[in-house]
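Enquirer: If you scroll down you'll find the structure; I have some questions about it.
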Amino acid sequence: MCTTCGCGIGQTLIAGHALKQPRKPGEVMRYRVHEVGAALAHPHTHQHGVLDGVLNGVLDFGAGAAGTHAPGISQSRMIKIERDILAKNNDYAAENRDYFLTHGIFTLNLVSSPGSGKTTLLVKTIAALQGTLSIAVIEGDQQTDNDAARIRAAGAPAVQINTGKGCHLDAYMVGQAMKQLHLQDHSLLLIENVGNLVCPASFDLGEAHKVVILSVTEGEDKPLKYPDMFRAADLMLLNKCDLLPYLEFDAELAVDYAHRINPKLKVIRISASSGEGMTEWLDWIAMGCRNAVADVQRTAEPKVLLE
Amino acid sequence: MHEMSLAESVLQIIEDAARKQGYTRVKTVWLEIGQLACVEQESLRFCFDVVMRDSIAHQARLEITETAGQGRCAKCSFEMPIAALYEACQKCGSYEIHVISGDEMRVKELEVE
């Protein structure tokens, strides 16, 4: 983001390249005209002061809502908006979801705190499913493409989204990353969100399910401390269960807390490194993929008109 | 800091409406934020000021109306005010509470000229 005027789209990168702007250059509405000196100090792909009232340094007093101006008389009026703050993100998410549905792509949004073992779980999942399914991965991190490199080494195509200062992936970023992945029909798309148990809960990416990963090296009460995420998820993977004998973590209590927030939350106890619970997780994925394909075939069948 | 993204979404909504309704200046923005929405109001106010700087809503006043959390028990249908997502039903003790209001995040109204 330009620190002089607040313009721009931040430091988000997809596979190392700047995110395409959702707003077209010249569309950005700025009240003040950009100073010439400041404009030279940093590159801009858009214009400032393009709104009718202030164009090229000209103040047009007839551009107001009333179309005229009388000294001392305000042209203010009230406008009803009634629009969800997240509506724009939800529109992009709906586009993504529509694409997944029509192409039979089963998409999961994996969310957790940093260090819960998401990437290791993905690497093991890819290794286990290789040959049976086409898999692609979108990796979200603030910086580095280390995770995408690990996924590619495991044998799946991956695109890294760097959110810069951002704390979550949004549906627009995922839509842009999808274009680079050339997703195959009837495939599995795994999105590893930024390690953060708060913000990703609010941002729909178009996925079929959010999968929250809680590792037993964290606290049992995480579901109570970060309820929004556990409420938004459909599946919880209790990871690193091979370490339970060495810890004081009460797994029953953790599951109980998670069910207080979300009584319908399915729970699988798992250890990505020892392989415990992996079969159940892989079966759950396989079922989701079968259903995604079946849904496409059902909607693609020609409709027979009843007499 | 997803309040920054929320503030940017608010600006986008304001700019979209400006294109349709033809105003050039926003003086006041009214938001409705639910008690159970994942939003820290102080943080949103801070981000709002930063994001609106030099936009058509430069120095606009931000008014936030907070709506109370209201839940309905899935077991016994009892309706009650709730302040957190992990509260139990005050009547039957079940944790299966559906939020019926208090998780909204909306731009309600603008004062423009």
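Enquirer: In segment B:14-48, what residues drop by 30 Å² or more in accessible surface going from the chain by itself to the full protein assembly, probe 1.4 Å?
Expert: B:Glu15, B:Asp16, B:Arg19, B:Gln21, B:Thr24, B:Arg25, B:Cys38
Enquirer: Computing the accessible area with a 1.4 Å probe over protein heavy atoms, can you report the carbon and sulfur percentage for segment A:148-307?
Expert: Values: 3750 of 7240 Å².
For segment A:148-307, the apolar C and S fraction of the accessible surface comes to 52 percent.
Enquirer: Roughly how much accessible area, to the nearest 100 Å², goes out of reach of solvent when B and A pair up, both sides summed, probe 1.4 Å?
Expert: Chains B and A together bury roughly 4500 Å² of accessible area.
Enquirer: Right, another one. Given a 1.4 Å probe, show me the residues in segment A:214-229 buried by at least 40 Å² of accessible surface when comparing the whole protein assembly to the chain alone.
Expert: Checking the loss per residue gives A:Asp228.
Enquirer: Here's something else I'd like to know. Which aspartates and glutamates, if any, have their Cα less than 13 Å from the Cα of A:Lys124, not counting same-chain residues under 8 positions apart?
Expert: Within the straight-line cut-off, A:Lys124 pairs with A:Glu276.
Enquirer: Straight-line reach from B:Lys20: which lysines have Cα under 21 Å away, leaving out those fewer than 8 places along the same chain?
Expert: A:Lys24, A:Lys80, A:Lys88, B:Lys108
Enquirer: Per residue, how large is the accessible surface of segment B:2-112? Use a 1.4 angstrom probe and give square angstrom. List each step's numbers first, then the result.
Expert: On the way: 4770 Å² over 111 residues.
Dividing the accessible area of segment B:2-112 by its residue count gives 43 Å².
Enquirer: Let me ask another. Under a cut-off of 29 Å between alpha-carbon atoms, report the lysines in cross-link reach of B:Lys91, not counting same-chain residues fewer than 8 places apart.
Expert: A:Lys222, A:Lys225, A:Lys264, A:Lys266, B:Lys75
Enquirer: What is the distance, in nm, between label points placed 7 Å from the Cα along the Cα-to-Cβ direction at A:His182 and at A:Gln297?
Expert: A separation of 2.7 nm, rounded to one decimal place.
Enquirer: Give me the one-decimal nm value for the distance between modelled label points at A:Leu243 and A:Arg290, 7 Å along each residue's Cα-to-Cβ direction.
Expert: Going from the A:Leu243 label point to the A:Arg290 one covers 3.4 nm.
Enquirer: At a threshold of 8 angstrom on Cα-Cα distance, excluding pairs fewer than six apart, so keeping six or more, what relative contact order does chain B reach in percent? Don't jump to the answer; show the numbers that get you there.
Expert: On the way: 207 pairs, mean separation 40.1, N = 113.
This gives 35 percent for chain B.
The values are calculated or read from the model by the stated rules, or taken from the named source; none is laboratory data. Note that this is a predicted model, so its numbers are computed, not measured. Note: ideal-geometry Cβ built from the backbone for every residue, glycine included; neighbour counts use all protein chains shown. Note: areas computed on protein heavy atoms with side chains; ligands, DNA, RNA excluded. Shrake-Rupley method; radii C 1.70, N 1.55, O 1.52, S 1.80 Å.
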